1. For region A:8-23, state whether one or more residues are of a type in the set (Phe, Trp, Tyr), under 30 Å from B:Glu142 (Cα atoms) and surrounded by 16 or more Cβ atoms within 10 Å (Cβ to Cβ).
2. Restricting to region A:57-68, name every residue that is within 7 Å of chain B (Cβ to nearest Cβ) and part of a helix (DSSP H, G or I).
3. Scan region A:10-56 for residues that are within 14 Å of chain B (Cβ to nearest Cβ) and on the phi > 0 side of the Ramachandran plot and report the count.
4. A:Ile102 passes all but one of (1) more than 8 Å from chain B (Cβ to nearest Cβ); (2) surrounded by 16 or more Cβ atoms within 10 Å (Cβ to Cβ); (3) part of a helix (DSSP H, G or I); which number fails?
5. Run down B:Ala150, B:Ala112, B:Ala132 and say which single residue is over 25 Å from A:Thr111 (Cβ atoms), assigned to a helix (DSSP H, G or I) and of a type in the set (Gly, Ala, Ser).
6. If you take the residues of region B:127-151 that are facing chain A (nearest Cβ under 7 Å) and aromatic (Phe, Trp, Tyr), which of them is nearest to A:Ser97 (Cα to Cα)?
7. Could we say that B:Ala155 is assigned to a helix (DSSP H, G or I), among the hydrophobic types (A, V, I, L, M, F, W, C) and over 30 Å from A:Phe100 (Cβ atoms) here?
8. So which residues in region A:74-88 are more than 16 Å from B:Met146 (Cβ to Cβ) and facing chain B (nearest Cβ under 7 Å), if there are any at all?
Amino acid sequence: MTSFYAQYGTFAVLVVVGCALYAVIMLASRIMRPTVPSPQKLTTYECGVEAVGSGWSQTNIRYYIFAFLFVIFDVEAIFLFPWAVIVSDLDATTAISPTFAIVAMFLFVLTLLEGLAYAWKKGVLKWD
Amino acid sequence: MTGLDVVFVLVGLLTAAGAVLTVTSKNLVHAALALAVTLAGIAGVFLVLHADFLALVQLVVYVGAVAVLFLFGLMLTRAPIGREALDSQNRGLALAVSGGLFVVLSTLIVLAFGDVRVDAMTGPGIDVIGIAIFAVWVLPFELLSMLLLAALIGAIVLARREDGESGEEAEVTRIEVGDPPINESDGPPAEVAGDGQAELPAGSGGGGQA
């Protein structure tokens with residue numbers, strides 16, 4: 001149990017230190033920099049073409065298929081984690097043989113690769 | 001164990017702050033990002049409760065996938081975003097419903113598990129789950145890949161662009177008599193039968209933009 005919290009505690013400390021580093025750097029630059037605000041500094045380009053419209057615009061519907069492909073392979077990745085944890089510990093003495101685990105995961109990934117091949121064949125991945 | 005309690009309370013406060021920000025934000029995209037913070041906070045709660053695989057699933061599926069789908073849904077449908085201020089008229093009702101739900105759920109949890117003492121939080125590690133998947137549940141695991149494949153192919157069939165359909169112009173264009181409808185060969189049969197001019201929603205044929 002101590003090992004569990006020790007491991008993730010290290011990770012949590014890393015996250016906290018990362019956030020603190022960001023905060024300290026931003027705060028230090030805010031303290032040290034001179035503050036001379038002017039409306040020109042808030043424009044998109046200080047010199048150049050005037051920006052037209054707003055930065056918020058409707059994205060193309062075709063991005064959605066990429067988001068969906070990401071979600072599918074995201075769910076696949078979930079099942080890779082427990083496999084990756086156990087696969088190096090398997091040998092002839094364990095309940096599962098290493099060959100079996102590798103073949104099972106190979107079938108799983110291959111089935112999803114079929115989907116990727118289908119998407120490729122249908123030209124979904126091509127932007128034309 | 002007190003150190004864990006402190007971490008639990010801190011993570012819980014972060015989650016609650018994200019949740020409050022989600023419902024009070026005037027900007028839809030900011031609300032979606034605050035929702036991602038809330039879901040990540042729930043992953044932290046799982047981690048403190050010694051459920052690391054659950055935390056991982058929460059992080060990958062909810063923060064990764066569901067938040068991405070939310071953001072895409074917003075950017076695809078609610079454009080232009082950020083212009084209009086969100087102001088629901090049902091604020092009082094929503095507060096009453098969520099407050100009532102909170103009271104009921106917390107009362108139930110306290111009544112059910114209030115006198116249960118857990119000295120050491122332990123649970124099956126990721127390795128136990130992995131062994132269980134590959135020793136017992138191999139067939140459902142492989143069936144799951146077929147399910148994901150079916151979802152993938154279904155999404156492609158629904159969202160795929162038909163050939164010759166531009167999918168770019170969504171506004172109604174006016175077509176004069178005599179102009180043969182170009183690029184509409186697989187669209188709905190155009191009602192350009194003789195009368196002055198017909199309105200054709202370009203690119204709406206074939207369910208290509210489902």
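1. Narrowing region A:8-23 to residues of a type in the set (Phe, Trp, Tyr): A:8, A:11, A:22.
Narrowing the set further to residues that are under 30 Å from B:Glu142 (Cα atoms) leaves none.
Within region A:8-23, not a single residue is of a type in the set (Phe, Trp, Tyr), under 30 Å from B:Glu142 (Cα atoms) and surrounded by 16 or more Cβ atoms within 10 Å (Cβ to Cβ).
2. Answer for region A:57-68, where residues must be within 7 Å of chain B (Cβ to nearest Cβ) and part of a helix (DSSP H, G or I): A:Tyr63, A:Tyr64, A:Ile65, A:Ala67, A:Phe68.
3. Qualifying residue count for the region: 1.
4. All conditions are met except number (2).
5. B:Ala112
6. Per the stated criteria, the residue is B:Phe134.
7. Details: assigned to a helix (DSSP H, G or I): yes; among the hydrophobic types (A, V, I, L, M, F, W, C): yes; over 30 Å from A:Phe100 (Cβ atoms): yes.
Against the criterion (assigned to a helix (DSSP H, G or I), among the hydrophobic types (A, V, I, L, M, F, W, C) and over 30 Å from A:Phe100 (Cβ atoms)), B:Ala155 qualifies.
8. At the first step, the residues of region A:74-88 found to be more than 16 Å from B:Met146 (Cβ to Cβ) are A:74, A:77-78, A:80-88.
Across region A:74-88, the qualifying residues are A:Asp74, A:Ala77, A:Ile78, A:Phe81, A:Pro82, A:Trp83, A:Val85, A:Ile86.
The values are calculated or read from the model by the stated rules, or taken from the named source; none is laboratory data. All of these numbers come straight from a predicted model, not from anything done at the bench. Note that we place each Cβ from the backbone using ideal geometry, even for glycine, and neighbour counts take in every protein chain shown.
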